[in-house]
1. Could you run through segment A:262-284 and say how many residues are within 14 Å of chain B (Cβ to nearest Cβ) and either at positive phi or within 23 Å of the chain's Cα centre (by Cα) (or both)?
2. Among the residues of segment B:120-131, how many are in a loop (DSSP other than H, G, I, E, B) and open to solvent by 70 Å² or more (accessible area, probe 1.4 Å)?
3. Quick one: which residue in B:256, B:283 is out of contact with any strand residue (DSSP E or B) (no Cβ under 7 Å at 6 or more places or on another chain) and surrounded by 20 or more Cβ atoms within 10 Å (Cβ to Cβ)?
4. Considering only segment B:225-240, state which residues are buried (at least 19 other Cβ atoms within 10 Å of the Cβ) and farther than 12 Å from residue B:288 by Cα.
5. Can you go through A:198, A:163 and tell me which one is touching a Ser or Thr at 6+ places or on another chain (Cβ under 9 Å), away from every other protein chain (no Cβ under 14 Å), buried (at least 24 other Cβ atoms within 10 Å of the Cβ) and modelled with pLDDT of 95 or more?
6. State whether one or more residues within segment A:343-362 are out of contact with any Cys (no Cβ under 7 Å at 6 or more places or on another chain), within 14 Å of chain B (Cβ to nearest Cβ), buried (at least 21 other Cβ atoms within 10 Å of the Cβ) and modelled with pLDDT of 90 or more.
7. Quick test of your reading of the structure: residue B:117 fulfils all but one of (1) open to solvent by less than 60 Å² (accessible area, probe 1.4 Å); (2) free of Cβ contacts under 8 Å to residues at least 40 places away in the same chain; (3) among the polar types (S, T, N, Q); (4) in a helix (DSSP H, G or I). Name the failing condition by number.
8. With (1) over 26 Å from residue A:150 (Cβ atoms); (2) in the same structural domain as residue A:91 (by TED's automatic domain parsing); (3) more than 18 Å from the chain's Cα centre (by Cα) as the list, and residue A:315 as the residue in question, which single condition is left unmet?
Amino acid sequence: MNDRLLNRRLSRRTVLQGGASLAASAAVLSGLGKPASAQTGGKVIIGAFVDGGLAPFKNSIIPLAKSEGNFDVEFLEDEYGVTLEKWFADAQSGAGQYDIYLLDDPWVPQFGAADVLEDLGAGGIAGGDSDWIASMIDMGYWPPREGPRVKGFEGAEPKLIAVPFVGDLQTLTYRNDVHTNGAPKTWDELIEKGKEGVAAGKIKYPIVFRGVAGNPIVTSWYPVFLSFGGQFFDDKWNVTFNSDAGKAAADFFVGPMKQSAPEGVVEFDSDQEGAAILGGDAGAIIQYSGNALKADDPAQTKVAGKLDFGVVPKKEKAIAQMGIFIASVPKSAPNKSNAIAFLNWYTSPATQAKLAEAGSIPVKRSGFGVEKPGNRLIPVALQQLDAGCLPRPRTPDWAKVEELLGIELNKALQAGSGGGAALDAAAQQVTDYLKQAGYYQ
Amino acid sequence: MKQTAPVISRGRSQGAGLDLALPYLLLAPSVLITFIVLVYPLWDGLKASTKFYRYGKPLREVGLDNYLRLWSDSQFLNSLLVTVSFVGLAVAIETLLGLALALFCQREFRGIRLLRTVLIVPMVITPVVVAIVFRLIYASDAGMLTTLSELAGGGPAQILGHPTRAFIGLVVLDVWEWTPLMFLILLAGLQSLPSEPFEAARVDGAGPWRIFRDHTLPMLGPVLAIAIVLRTIDAFGTFDQVFVLTRGGPGEATRLLSVFGYDTAFKFQQTGYAAALFVTMGLMILALALAAVRLLRREDVA
């Protein structure tokens with residue numbers, strides 16, 4: 001499963017070529033008159049979780065949607081920790097409080113299996129458009145087009161139930177006065193150079209990450225796990241994350257990485273890790289774009305100009321986790337046709353180019369081809385796409401798997417040892433859970 | 001006369017019918033509301049607890065399987081243990097502190113009214129706000145305790161990242177917020193006690209401890225029991241504070257049944273299993289309340 005996805009790499013050349021040709025097409029289209037989608041408009045209620053990665057969308061694209069597309073966008077935000085359950089209840093009860101959910105991509109299978117989202121392909125959104133970044137549009141299909149499928153969906157026709165919205169993925173942010181030769185290539189180099197930075201009084205810790213049980217710690221551990229060569233499940237949903245590679249990654253994470261992080265990292269979540277890197281205390285961090293977008297703003301960081309971006313360090317490979325914002329339309333949406341028209345407008349090459357200029361990572365190849373990307377992170381994100389990045393396993397039970405694994409990893413992180421044993425314990429719990437959920441019948 | 005009599009009789013019989021129906025008509029709105037918001041959800045929850053759910057939908061009847069599965073689920077058993085420990089410790093401390101404060105504030109002296117008012121302030125603050133404030137106190141990176149510790153030459157205060165300390169931190173939060181409730185109930189109880197037995201005891205030369213042990217405590221017993229039962233039931237349902245402060249972590253050190261049940265129901269969509277969990281939790285609280293009522297009756301008889 002992983003190899004197939006890894007082989008779908010983008011080269012800079014193909015992206016730029018695609019971008020240039022699509023930009024030219026967009027220019028021709030705009031010369032002929034307004035794009036078809038721009039002729040529509042109306043009320044659209046968008047639900048999102050609070051995340052800095054959506055700042056360019058909020059600040060630049062929503063006003064544009066009003067002026068260009070005549071869309072009246074109502075943008076409703078909630079804390080990450082409550083959105084999944086809130087939106088699932090909304091969709092399942094048919095309450096119709098939202099037209100679009102901006103989901104975290106691992107939630108797509110959960111909504112897909114419950115059959116509460118519109119088939120966007122049937123609604124007129126072209127999933128086959130070659131401008132989509134393949135690994136991103138793949139995440140919008142349920143059941144997945146590739147890889148193992150859960151019981152009950154083995155023979156089902158994949159439907160496009162969500163479209164990529166902001167193309168987020170993990171990259172390295174590092175202090176350029178500590179890593180003077182550029183981005184550290186390996187984890188060992190990251191820690192070693194970081195320690196020199198601590199000794200020189202430039203920083204307090206070589207690295208910072210999230211240690212809170214559940215999604216935060218698993219997200220922080222994921223790139224380490226992938227770079228050590230770990231794989232979560234095999235093609236029959238047998239747990240494989242406690243392989244030798246996985247255990248080595250876990251031991252490294254709860255050992256050397258913890259020793260190089262702030263003392264209280266066990267309780268760190270996004271806010272604390274963001275404060276550590278933007279406040280100038282940490283030498284490096286693997287993160288999504290939310291805090292990375294603040295790296296050049298003196299109002300938001302004490303070390304503006306000292307933060308650079310790079311591909312995640314490697315052990316065997318340099319693979320990051322891909323975790324995009326992905327838009328879906330619930331079947332209960334009160335303004336369904338407006339929502340689909342909005343998504344068509346938003347994912348058009350012209351709007352994607354504006355999104356990239358505003359500083360967000362686009363979801364279409366053409367977006368990467370803009371002359372002046374609004375953020376230095378965007379070309380680095382492209383390098384990371386080249387180097388490799390993988391989504392989380394496409395199962396409706398990911399939240400539970402992440403919970404079970406996260407608790408065990410968090411316990412090992414507290415202890416500062418026993419990463420391998422934690423994976424064994426988690427593997428047993430995940431297997432038991434999947435067994436009672438019918439995965440192995 | 002012959003013509004009017006049947007009319008009067010008919011009128012009387014109509015009035016009698018209305019008299020009979022009136023209480024039921026007046027009760028009907030309350031009964032209807034109770035049925036909608038209490039009886040139906042309870043019945044629906046009971047039905048759900050006997051079903052196996054996938055992807056938020058019931059797939060099949062499983063009888064009592066969900067209930068039986070609870071007792072072999074290490075996460076449930078851990079949450080139960082954490083909840084019982086939390087409730088036991090928090091309610092015990094709150095009772096002792098509440099009683100001490102009530103005894104102190106029972107006396108009349110200058111400024112006592114202001115003191116009584118100040119003491120109940122924590123209780124009226126929204127629990128979520130209290131949890132956010134305590135998070136700002138406990139946080140190891142920029143929390144108040146860390147600042148104080150660093151001023152004193154120490155390192156960051158490690159509260160929320162350590163299982164035992166995080167648990168104690170949660171208990172401290174609960175004690176801070178809910179001791180005022182115990183104080184208020186017990187103060188009201190103390191002020192309602194007759195003064196004669198205490199005066200007689202003082203005339204007989206009894207000291208403060210003797211008066212407290214032989215008079216105050218036995219006479220306050222029923223109020224004390226009610227306060228403990230009410231607080232215990234309430235503490236069993238604690239959710240907001242732990243959700244904001246620790247979300248059940250680190251590990252599972254502060255994961256109360258309410259948080260585990262919430263995650264099971266809404267995050268993992270195991271509706272049937274979560275319903276079985278909450279029904280079991282409800283039965284435990286009911287058993288506790290019944291035991292307390294029985295204890296009170298026994299004391300009344302004595």
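The values are calculated or read from the model by the stated rules, or taken from the named source; none is laboratory data. The model shown is predicted, which means the values in this text are computed figures rather than measured ones. Every residue, glycine as well, gets a Cβ built from its backbone with ideal geometry; the counts of neighbours run over all protein chains shown. Protein only, heavy atoms only, side chains kept; ligands, DNA and RNA dropped before computing areas. Shrake-Rupley method; radii C 1.70, N 1.55, O 1.52, S 1.80 Å.
1. First, the residues of segment A:262-284 that are within 14 Å of chain B (Cβ to nearest Cβ): A:262-282.
Those left that are additionally either at positive phi or within 23 Å of the chain's Cα centre (by Cα) (or both): A:265-278, A:280, A:282.
Adding up the residues that qualify gives 16.
2. The total comes to 1.
3. B:256
4. Answer for segment B:225-240, where residues must be buried (at least 19 other Cβ atoms within 10 Å of the Cβ) and farther than 12 Å from residue B:288 by Cα: B:227, B:235, B:238.
5. Residue meeting the stated conditions: A:163.
6. No, segment A:343-362 contains no residue that is out of contact with any Cys (no Cβ under 7 Å at 6 or more places or on another chain), within 14 Å of chain B (Cβ to nearest Cβ), buried (at least 21 other Cβ atoms within 10 Å of the Cβ) and modelled with pLDDT of 90 or more.
7. (1)
8. (2)
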